[in-house]
1. What's the number of the only condition in (1) within 10 Å of another protein chain (Cβ to nearest Cβ); (2) touching a residue at least 40 places away in the same chain (Cβ under 8 Å); (3) more than 21 Å from A:PRO247 (Cα to Cα) that B:LEU171 fails to meet?
2. Of all residues in region A:100-112 being surrounded by fewer than 24 Cβ atoms within 10 Å (Cβ to Cβ) and within 7 Å of chain B (Cβ to nearest Cβ), which is nearest to A:GLU143 (Cα to Cα)?
3. Of all residues in region B:212-239 being more than 7 Å from every other protein chain (Cβ to nearest Cβ) and surrounded by 11 or more Cβ atoms within 10 Å (Cβ to Cβ), which is farthest from A:PRO150 (Cα to Cα)?
4. Need a quick list: helices (runs of 4 or more DSSP H) entirely within region A:213-324 having at least 3 residues that are open to solvent by 10 Å² or more (accessible area, probe 1.4 Å) and not charged (D, E, K, R).
5. State yes or no: is B:ALA184 crowded, with 17+ Cβ neighbours inside 10 Å, more than 8 Å from chain A (Cβ to nearest Cβ) and assigned to a loop (DSSP other than H, G, I, E, B)?
6. I'd like the residue in region A:163-207 that is outside any loop (DSSP other than H, G, I, E, B) and under 18 Å from the mean Cα position of the chain (by Cα) and, out of all such residues, is farthest from B:TYR162 (Cα to Cα).
7. Pairs needed: first member in region A:252-279, at positive phi; second member anywhere, among the charged types (D, E, K, R) and in a loop (DSSP other than H, G, I, E, B); C-beta distance under 8 Å; at least 6 residues apart or different chains.
8. For region A:183-212, which residues satisfy the criterion of being open to solvent by 70 Å² or more (accessible area, probe 1.4 Å) and farther than 22 Å from A:SER19 by Cα?
Amino acid sequence: MSNTLTLIEVSPAGAIRPSAKMLLAAAARIGNPIAVLALTPGDHGDIVSQLGALGAHHVFLAEFPQADSLLTIPAVDALAAALAHFDSTGAILVTNSVEGRETAGRLAVRIGSGLVLDAIDITVVNESVVAHTSVFGGAFAVESSIQGGPTIVALRQGSIEGEAPAHAAEVKTVSVTSSEIRAAAITSQTDAPTNSSRPDLRSATTVVSGGRGLGSKADFELVEKLADALGAAVGASRAAVDAGYVPHSLQVGQTGTIVTPQLYVALGISGAIQHLAGMQTAKVIVAINKDADAPIFDIADFGIVGDLFAVVPQAIEAIKKLKN
Amino acid sequence: MKIVVLVKQVPDTWGERSLDSATGILDRTSGDNVIDEISERSLEVALRVKDDSEAEVVVLTMGPASAVEALRHCLAMGADSALHVLDDALVGADVTWTSAVLAKAIAQSGFDIVIGGNESTDGRGGVIPAMIAEHLAVPSLTSLSTVKIMADAVSGSRETDYGSLNVNASLPAVISITEQSPEARFPSFKGLMKAKKKPLTVLSLANLEMDPLTSFEISGKSTITAVTRRPARTAGTKIIDDGNAGVQLAEFLVAGRLV
């Protein structure tokens, strides 16, 4: 069985990022899963046992004195060192995050390998690995067969469910000499505050999004209230982000996050084609808008023409009653 | 300072976008092709440097003959010159080819800083700037929401999936910017007139001393094996609120086991 490397991202505090679970689950389907990390030398806590619990057979700890103060290059060097250490690597899996993609891009150039970006699934067909991607907001499904090796695949966050069987991971710690390539310096790093009571937008089964129709930042609270009644993540259209109602990290659409939830509720969103590109693969779409001609109604399974501020509070009350 | 701006012509996101069902390659004939908004914003970042100091701004694209429209638009906005890599051997080029070709053109032209968008609206790969940086062996600072370009260095705030980072590097370097950066200026009438006299150079792979048979050899690769168009969604029930729509919505969600 060939080896599959996974690039595990860590937070400034040294905790593994949630996408590790998805990467190792995907890796276990196609080969022997190996977790690769670029870290500063020292005590790494229980990272190894955590990664073993998520299915890593091996954990490759590449230690660099400047792992947390240089951008991207330490991760590229760590993967290159792991490739040299493990024979017959078929695939290298990274998260389709800003950091994961950039690492993948630089590594692909350095080692001369192919690259599949934003894959939503990875399967094995007739013994060859197939990466599945979704193009133009889900209008097209594309399958790419991966030949030779190693090939790098960046997996969309929240796209792969399930987890690999736990394993007692073997650790290999190496001191890596950084490549000669100049890296940008990181002067400070802050994680955005996360609302732990709500699910993550990228992997939520229900998403409630608000648009320009909310009218103000204060009134955007209505979106949050419905989201909490449904146990949903909060999203927004670009118009709402541009108007300053919510940060860009919540933007759903062509230039934001692409979501595929079971239920997508669009509040006061007209349905510009660029927004549809980020949510039209949702299983069920509900839209509420005061404009009966809004294009969002063309793709909504259940559409309500009406005033958000009357319909939504009534719906929240009714949901609470029906749930009890 | 010499600034190279990466420009891409893409299918208009307001129109129909399609893939060739046999090859999986972008169908450029199915809708209007326009300059990507993020390319205009990248040029705006460069032009603001030029507004305040001595700078030469070169716009670079790789694409079919029609991509010249995007370059003309950039010249009218205020870029000094344009480079167009145009070669039939590049039809359907992937990120491996594209980054190698663009890096070669940038190296030939010379640069202090390369500015591109964080991702295009068609491919959405978001890796070209980083790949170019690796080819050129310089730092890459991508997905910058704010950027400050100085005579010998660049710094900015980088938006990631988890938060933000403050980063900096000395030049030469490659950066990419997000749609949080300022909106692009419109070309003025004077700009349009001046653009006609500005140099626009077409480069073939031979001009770049690249051979398609040997320049793009890689060990592992992916080949498109299937392209399927998903059926379009259709409208379902649409009601007009008569004072009871909230309750009807709750009933719809409960009936569909969605709560």
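The values are calculated or read from the model by the stated rules, or taken from the named source; none is laboratory data. All values reported here derive from a predicted model rather than from experimental measurement. So basically every Cβ, Gly included, is an ideal-geometry build from the backbone, and we count neighbours across all protein chains shown. Each accessible area value is taken on the protein alone, full model and side chains, heavy atoms only, with ligands, DNA and RNA left out. Shrake-Rupley method; radii C 1.70, N 1.55, O 1.52, S 1.80 Å.
1. In the conditions (1) within 10 Å of another protein chain (Cβ to nearest Cβ); (2) touching a residue at least 40 places away in the same chain (Cβ under 8 Å); (3) more than 21 Å from A:PRO247 (Cα to Cα), B:LEU171 misses (1) alone.
2. Going through the qualifying residues, I end up with A:GLY112.
3. B:PRO212
4. A:221-230, A:273-276, A:308-323
5. The answer is yes for B:ALA184.
6. A:THR206
7. Within 8 Å, the pairs are A:GLY268/A:LYS290.
8. Within region A:183-212, A:THR187, A:ARG212 qualify.
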